[in-house]
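Trainee: Okay, here's the structure, questions in a sec.
The values are calculated or read from the model by the stated rules, or taken from the named source; none is laboratory data. Owing to the predicted nature of the structure, the values given are computational and were not obtained by experimental measurement. Here Cβ is always computed from backbone atoms with ideal geometry, including for glycine, and neighbour counts include all displayed protein chains. Just the protein is used for accessible areas: all its heavy atoms, side chains included, with ligands, DNA and RNA removed. Shrake-Rupley method; radii C 1.70, N 1.55, O 1.52, S 1.80 Å.
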Amino acid sequence: MRRSSLVGALLIANMLMATRLTLTLPFSSSIPPLLNRTYRSLSHLKQFPKSHPCPLWSSSFSFCLHTLRKSTSPLRASSSLSTPSMAASSLDEGNPLLQNFVFPPFDVVEPKHVRPGIRALLGKLEHELEELERSVEPSWPKLVEPLEKIIDQLSVVWGMVNHLKAVKDSSELRSAIEDVQAEKVKFQLRLGQSKPIYNAFKAIQESPNWQTLSDARKRIVESQIKEAVLNGVSLEDDKRESFNKIEQELEKLSQKFGENVLDATKKFEKLITDKTEIEGLPATALGLAAQSAVSKGHENATAENGPWIITLDAPSFIAVMQHARNRSLREEIYRAYVSRASSGDLDNTGIIDQILKLRLEKAKLLNYNNYAEVSMATKMATVDKAEELLEKLRRSSWDAAVQDIEDLKEFSKSQGALEAGDLTHWDITYWSERLRESKYDINEEELRPFFSLPKVMDGLFNLAKSLFGIEIEPADGLAPVWNNDVRFFCVKDSSGSPIAYFYFDPYSRPAEKRQGAWMNEVFARSRVLSRDGTSARLPVAHMVCNQTPPVGNKPSLMTFREVETVFHEFGHALQHMLTKQDEGLVAGIRGIEWDAVELPSQFMENWCYHRETLMGIAKHFETGESLPEEVYLKLVAARTFRAGSLSLRQLKFASVDLELHTKYVPGGPESIYDVDHRVSEKTQVIPPLPEDRFLCSFSHIFAGGYAAGYYSYKWAEVLSADAFSAFEDAGLDNDKAVKETGRKFRETILALGGGKPPLDVFVQFRGREPTPDALLRHNGLLQVAAS
């Protein structure tokens, strides 16, 4: 069978080591940033997007369309909320959440709008659901189309609110969301457990017309039936009541977990007045630290003379760990980072215990042995196959990771480091950076001037034009935005017609914006929700990053890892925006198995090492000088630096995730930290500190959609590397062949959405099932694998 063939290919890939983290937080529990969506089922909308007034762009890139109307524009003229059955007086006409709009009014939504807006919407949707249940028939017009309209309304409005919480957090917004969250979950459960809807889908599946349905429609029916069961539709009386209570509580706990991580991260500040304490920090980091000090009331702070404020926000934290010569400073910052949200009012320990307990209870109610089995029910892999893959990779990575540490010890000793014989966690990143500089003569900070955000985005858009035949144009002013830094773009096909839009929010804002990088949908493509009754509604996405903001009059100067992050998230956005699937429930990123969803994002990262692409974006922001050829070659050579260690680190995250969701017994003899340390014995060369509490900020699995699913990054790497190898086979220097292969990638991987099983889509693109060879070759591990 195809699934077993894929599993075999994945398991053969026993040297899958060099995971490139799209945002390398050396000790973060939230890495790599991911497509941060918990949109597991369209009929079970759990959560939506998880989540410096300076000149942001160069004049050559920022063409603000001043002639376009701002947020008060009549462009807010139509919406799925506009239905004849709903009298205008029954909704608050002054509430922007309930207005007719083409693009969400992000600029005017305030916390005060959330309670009345969500409650009015839920009342309307309850009425529509009752009408659907009363009149439902096992047909597309009488079942799927009205269901999609109900789902979409909640998706759009709740998505707006939750997105603002991720990028513009406030205590008032948190309180408002908390007040209506239970009501929202209650409606979701009511919808997901609707027996009339479930029975109608079953009737479609069992009808004589089943074989005449398109692949996409079959996928919708099968998915809705499976999800209804996972949503508790088959449970009766007391069991259903227990299930619903669990779902309500899990929603609250997940929300609180994420809030605690954000609050703990922004709570830590270290004021430094003595420059000798931060020797080694590059100019970019000093400027950012001084900028932080200014924002905290130190009006005269400068990069040269300080004072400086170090935070646990990614750009600040990473700079200290990589460059600070002051070992005691590195230790202090590291210890603060791995103990975030683990004490006082922000302690997530009890929340984790309760989440795991409730997930296990939920699994038992659904007749599964553990929560991992529930999670895998909607994925390509099984628990056994995922564990088997992780163990094979762990065994293959261990020796290489041990050697990495030995190399660091020898190198640091050669440099006269007093700590050479006793390297520990706060030394590894610092000495790794020094060794990389020595071995490849690459200094990441010195490369920043070659990667200004305007040039990077220009190059990314040119690549998309070359590969997929699309044009991306600035459309600032067309849609309201939530922050002045946010850009808005229009995607057009070769004829010049718009096919999608997207927002881009690039910079870190630690006071209000959560960490990581993610992409999510604003609108999905949909025939049913057509605005003009003929053409499908166009998809709209948002991309959110947390990269280094501009300092002074300079544009954002990016690390190479930040460049990879932007390419990664853009890959997700492309799959959402370039879909040609008109069935809204499986369009774009919807309906794709979780362990395949990273294919386009990881695929796009490969282009960061493509000579023409990289040399096209790597221009010095002041002189225009191109990145020297020898530096490009060194970047490519350094791609697999410390491959074993990076692989082992990802395997640790994936393994502890599965362990907690399979074998861990809440309330048993082992604590969550015992489990973490036991897993670390096999996945960390240097054991974690006894007080390490990284689980308390592991948002991927406790506040995101990756519970019992973190292994998906590895699973999807085989697919993405093999997909890129199609371009290598065609000849990366052969423009015609690359364009032809790019169009094929667009017409399959990017166009078909969740309308076909991901393995079938891959075979349609590649002409065969996936193999691990390309991944092993990219990581320089084919020889080792063969042996």
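Trainee: Count the lysine pairs in segment 111-234 that are 8 or more places apart or on different chains: how many have C-alpha atoms under 18 angstrom apart?
Mentor: Lysine pair count for segment 111-234: 16.
Trainee: Based on the alpha-carbon gyration tensor of segment 268-420 and its eigenvalue square roots a ≥ b ≥ c, which shape applies: rounded if a/c is under 1.5, prolate if not and a/b is larger than b/c, or oblate?
Mentor: Since a/c reaches 1.5 but b/c is at least a/b, the shape of segment 268-420 is classed as oblate.
Trainee: By average Cβ neighbour count within 10 Å, what is the ranking of 231-238, 693-700, 142-149, 446-453 from highest down? Before the final figure, lay out each step's value.
Mentor: On the way: 231-238: 15.2, 693-700: 25.2, 142-149: 20.1, 446-453: 21.8.
The densest-packed peptide leads the list: 693-700, 446-453, 142-149, 231-238.
Trainee: Give me the lysines in straight-line cross-link reach of Lys439: C-alpha distance below 20 Å, same-chain residues under 8 apart excluded.
Mentor: Partners found: Lys409, Lys413, Lys634.
Trainee: Right, another one. Can you give me the accessible area per residue for the chain, using a 1.4 Å probe, in Å²?
Mentor: 37 Å²
Trainee: Sort 616-625, 194-203 by the packing proxy (mean of other Cβ within 10 Å over each peptide's residues), most packed first.
Mentor: Details: 616-625: 15.9, 194-203: 18.2.
The packing order, highest mean first, is 194-203, 616-625.
Trainee: With volume of the Cα convex hull per residue in Å³ in mind, check [x] 160; [y] 341; [z] 174 and report the label derived from this structure.
Mentor: [x]
Trainee: Please list 368-378, 270-280 highest first by mean number of surrounding beta-carbon atoms within 10 Å per residue.
Mentor: 368-378, 270-280
Trainee: Please report, as a whole percent, how much of the solvent-accessible surface of segment 111-234 comes from carbon and sulfur atoms (probe radius 1.4 Å).
Mentor: Roughly 50 percent, rounded to a whole number.
Trainee: Still on this structure, I have one more. Give the carbon-plus-sulfur fraction of the accessible surface of segment 268-339 in %, rounded to a whole number; probe 1.4 Å, heavy atoms of protein chains only.
Mentor: For segment 268-339, the apolar C and S fraction of the accessible surface comes to 46 percent.
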